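Chemist: What follows is a single structure, and I will ask about it in a moment.
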Amino acid sequence: MDCFICCTSTGKTDSDITNELFLNRRTFDYPIIKLSQAYGCACSNTYAHNKCLLDIKKCPTCRKVVVKPNLYVQTRYDHVFSWLFNKIKTRPYLISNIKTYTVIIVIVSFGLFFAIEKNIIKLNPSLKTHIGLGLLLFVQLCGGIIFLMQDYFAKYWLYDEKKNIIRSI
């Protein structure tokens, strides 16, 4: 199903598509919502991306005026991480704090890995291998969480990192 406004199914810009191709990093598509859900009108067969409707206060088809369109799309992540997301919705600055703390954890993990590898921390050789692999997997998991959360918040919550605001909620 294509967006009524941008006529694409993903909503990605040319730069998003280029980054996916060259960086080999898959990102979320922008969610498509019904105009009836966003504006509370009777336009039931018309769909658009939440980012395409961001600053539009009137329904594009029937011209019903609303103060703020309902652009929030609830996903399974909202149910799984509800305890965290409810805190983040009230305090959006926590998104940048999570990224900062995750980067610190990754740096400390690399430091531990280096210390184990250079025998600064003396361990049994088999334990050394297991801990080293565990640290590498942990670093990869932390990096994946940063990219996943950043993309999710930017596309589903329309999080503006420069202004530190969530625009869809």
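Just so it is clear, none of the values below were taken in a lab; they were calculated from the coordinates. Given the structure is predicted, the values throughout are model-derived calculations rather than measurements. FYI the Cβ positions are ideal-geometry reconstructions off the backbone, even for glycines, and counts take in every protein chain you see.
Chemist: Looking only at region 119-166, count how many residues are in a loop (DSSP other than H, G, I, E, B), under 29 Å from the mean Cα position of the chain (by Cα) and surrounded by fewer than 16 Cβ atoms within 10 Å (Cβ to Cβ). Working first, answer last.
Modeler: Narrowing region 119-166 to residues in a loop (DSSP other than H, G, I, E, B): 119-124, 157-158, 161-164.
Applying the additional criterion that residues be under 29 Å from the mean Cα position of the chain (by Cα) yields 157-158, 161-164.
Among the residues that remain, those that are also surrounded by fewer than 16 Cβ atoms within 10 Å (Cβ to Cβ) are: 161-164.
So the answer is 4.
Chemist: What's the total number of residues in region 4-43 that are hydroxyl-bearing (S, T, Y) and touching a helix residue (DSSP H, G or I) at 6+ places or on another chain (Cβ under 6 Å)? Don't jump to the end; show me each part of the working.
Modeler: Just the residues of region 4-43 that are hydroxyl-bearing (S, T, Y), to begin with: 8-10, 13, 15, 18, 27, 30, 36, 39.
Remaining after also requiring touching a helix residue (DSSP H, G or I) at 6+ places or on another chain (Cβ under 6 Å): 27, 30.
The number of residues fulfilling the criteria is 2.
Chemist: Additional query: Do we have any residue at all in region 102-118 that's touching a residue at least 12 places away in the same chain (Cβ under 8 Å), on the phi > 0 side of the Ramachandran plot and among the hydrophobic types (A, V, I, L, M, F, W, C)?
Modeler: No: region 102-118 contains no residue that is touching a residue at least 12 places away in the same chain (Cβ under 8 Å), on the phi > 0 side of the Ramachandran plot and among the hydrophobic types (A, V, I, L, M, F, W, C).
Chemist: Which of the helices (runs of 4 or more DSSP H) contained wholly in region 1-90 include at least 1 residues that are surrounded by 16 or more Cβ atoms within 10 Å (Cβ to Cβ) and of a type in the set (S, T, Y)?
Modeler: Details: elements: 14-23, 35-39, 76-80, 82-90.
Because the criterion is at least 1 residues that are surrounded by 16 or more Cβ atoms within 10 Å (Cβ to Cβ) and of a type in the set (S, T, Y), the helices (runs of 4 or more DSSP H) in region 1-90 that meet it are 35-39.
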